[in-house]
Amino acid sequence: MAVDAATQQLLTFTLDQERYAVEISKVREVLEFISCNRVPRTPEHVRGMINLRGNIVPVIDLRLKLGLGRTERTVNTCVIITDIQVDGEPLILGALADSVQEVIELESTAIAQPPKMGTRVDTRFIRGMGKREDQFLIILDIERVLSEEDLRAVASAQQSAPADPGAPEATP
C-alpha cells in the first residue's frame, strides 16, 4: 500500500483509557508483556531489561513517565519495541502500553499542533493531536518522551548489563 507524503501511518495504543499513537516508522514490533529484570540505579519508570533474541532491551513504563500512574499487568498489556536515537546512536527501547489498538493512516490535515494546556501529558512529549472520525488521539514524539539524562541512563545500563542466559527471552 503506497502512502503519500501527506499521509502518516501511526500505531495506536491506550494508556489510562486514552488513545495515543506513535509513528509506525519508529516501531519495530509489538510483544506480549513479559517480566523484566530490574536494573539498579535506573529511574523508576525504567521497568527493567528484557532479552529480545539475544539483545538486551530496556523497557520503560510510559504511564509512569507521563505521570499517569504505574502500568498494571493485564491480558492486554504489551511492549512496543521502538527504534530511537540517543546522541546519534540507535537504541532499541521497549515501551509498556495498556493495549495496542491498530495501525492507521492519518492525513496531515487531521493532525493539529499540541495544545498549550488542557492535557494531562507534558506537551513537550506531544508531536500533535490527531482526529479520526469523532475520536482524538495524542501523537507522542517517542524520542522526546525520555529526557536526555534518562536516555543516557538507559543506554549505560544496557551496555553494562551482562547477557543473562537465564533471563526470560521475549519472542513475538
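The values are calculated or read from the model by the stated rules, or taken from the named source; none is laboratory data. This structure is a prediction, so every number in the text was calculated from the model and none was measured. Glycine gets a Cβ as well: all are built from the backbone with ideal geometry, and neighbour counts include every protein chain shown.
Of everything in segment 112-134 that's among the charged types (D, E, K, R) and in contact with a strand residue (DSSP E or B) (Cβ under 7 Å, 6 or more places away or on another chain), which residue is modelled with the lowest pLDDT? Even if it seems obvious, please write down each step before you answer.
Step one: list which residues in segment 112-134 are among the charged types (D, E, K, R), which gives 116, 120, 122, 124, 127, 131-134.
Pick out the ones that are also in contact with a strand residue (DSSP E or B) (Cβ under 7 Å, 6 or more places away or on another chain) and you get 127, 132.
Numbers: Arg127: 88, Arg132: 80.
The extreme case among them is Arg132.
Residue by residue through segment 88-111, note down the ones that are within 28 Å of Arg70 (Cα to Cα) and not in a strand (DSSP E or B). Explain how you work it out, then say what you get.
At the first step, the residues of segment 88-111 found to be within 28 Å of Arg70 (Cα to Cα) are 90-104.
Of everything in segment 88-111, just one residue is within 28 Å of Arg70 (Cα to Cα) and not in a strand (DSSP E or B), namely Asp98.
Within segment 32-49, can one find any residue that is touching an Asp or Glu at 6+ places or on another chain (Cβ under 9 Å), in a strand (DSSP E or B) and basic (Lys, Arg)?
Yes: segment 32-49 contains one or more residues that are touching an Asp or Glu at 6+ places or on another chain (Cβ under 9 Å), in a strand (DSSP E or B) and basic (Lys, Arg).
What is the one condition in (1) touching a Ser or Thr at 6+ places or on another chain (Cβ under 6 Å); (2) farther than 15 Å from Phe13 by Cβ that Lys26 does not satisfy?
Of everything listed in (1) touching a Ser or Thr at 6+ places or on another chain (Cβ under 6 Å); (2) farther than 15 Å from Phe13 by Cβ, Lys26 misses just condition (2).
Would you check if Ile56 is of a type in the set (A, V, I, L, M, F, W, C), touching a strand residue (DSSP E or B) at 6+ places or on another chain (Cβ under 8 Å) and either more than 16 Å from Phe125 (Cβ to Cβ) or modelled with pLDDT under 90 (or both)? So that I can check it myself, show each step before the final result.
Details: of a type in the set (A, V, I, L, M, F, W, C): yes; touching a strand residue (DSSP E or B) at 6+ places or on another chain (Cβ under 8 Å): yes; either more than 16 Å from Phe125 (Cβ to Cβ) or modelled with pLDDT under 90 (or both): yes.
Spelling it out, Ile56 is indeed of a type in the set (A, V, I, L, M, F, W, C), touching a strand residue (DSSP E or B) at 6+ places or on another chain (Cβ under 8 Å) and either more than 16 Å from Phe125 (Cβ to Cβ) or modelled with pLDDT under 90 (or both).
One residue is enough: does segment 1-16 have a residue meeting the conditions acidic (Asp, Glu), modelled with pLDDT of 85 or more and in a strand (DSSP E or B)?
Step one: list which residues in segment 1-16 are acidic (Asp, Glu), which gives 4, 16.
After this cut, where a residue has to be modelled with pLDDT of 85 or more as well, the list is 16.
Imposing the further condition that a residue be in a strand (DSSP E or B) reduces the set to none.
The answer is no, given that none of the residues of segment 1-16 is acidic (Asp, Glu), modelled with pLDDT of 85 or more and in a strand (DSSP E or B).
Which of the residues that make up segment 37-64 are polar (S, T, N, Q) and in contact (Cβ under 8 Å) with a residue 60 or more places away in the chain? Spell out the reasoning first.
Taking segment 37-64 as the starting set, the residues that turn out to be polar (S, T, N, Q) are 37, 42, 51, 55.
Once the filter is applied, which keeps residues that are polar (S, T, N, Q) and in contact (Cβ under 8 Å) with a residue 60 or more places away in the chain, segment 37-64 yields Asn37, Thr42, Asn51.
Assess whether Leu11 counts as being under 13 Å from the mean Cα position of the chain (by Cα) and in contact (Cβ under 8 Å) with a residue 24 or more places away in the chain.
On the way: under 13 Å from the mean Cα position of the chain (by Cα): yes; in contact (Cβ under 8 Å) with a residue 24 or more places away in the chain: yes.
It is true that Leu11 is under 13 Å from the mean Cα position of the chain (by Cα) and in contact (Cβ under 8 Å) with a residue 24 or more places away in the chain.
Kindly indicate whether any position in segment 24-32 is in contact with a Leu (Cβ under 7 Å, 6 or more places away or on another chain), crowded, with 19+ Cβ neighbours inside 10 Å, within 18 Å of Ile81 (Cα to Cα) and hydrophobic (A, V, I, L, M, F, W, C).
First pass over segment 24-32, keeping only residues in contact with a Leu (Cβ under 7 Å, 6 or more places away or on another chain): 24, 27.
Subsequent filtering for residues that are crowded, with 19+ Cβ neighbours inside 10 Å retains 27.
After this cut, where a residue has to be within 18 Å of Ile81 (Cα to Cα) as well, the list is 27.
Filter once more, keeping what is hydrophobic (A, V, I, L, M, F, W, C): 27.
Yes: one or more hits.
How do the pairs read when you match residues in segment 65-90 that are over 20 Å from Glu29 (Cβ atoms) and surrounded by 14 or more Cβ atoms within 10 Å (Cβ to Cβ) with residues anywhere that are modelled with pLDDT of 90 or more and acidic (Asp, Glu), using Cβ under 7 Å and keeping only pairs 6 or more apart or on different chains?
Matching pairs, first to second residue: Leu68/Asp16.
Give all pairs with beta carbons closer than 9 Å in which a residue from segment 115-127 that is among the acidic types (Asp, Glu) and surrounded by 11 or more Cβ atoms within 10 Å (Cβ to Cβ) meets a residue that is at pLDDT 65 or above and assigned to a loop (DSSP other than H, G, I, E, B); count only pairs at least 6 apart in sequence or on separate chains.
Final answer for the pair search is Asp122/Leu66; Asp122/Gly67.
Could you please find all residues in segment 35-59 being surrounded by fewer than 20 Cβ atoms within 10 Å (Cβ to Cβ) and closer than 11 Å to Leu96 by Cβ?
Gly48
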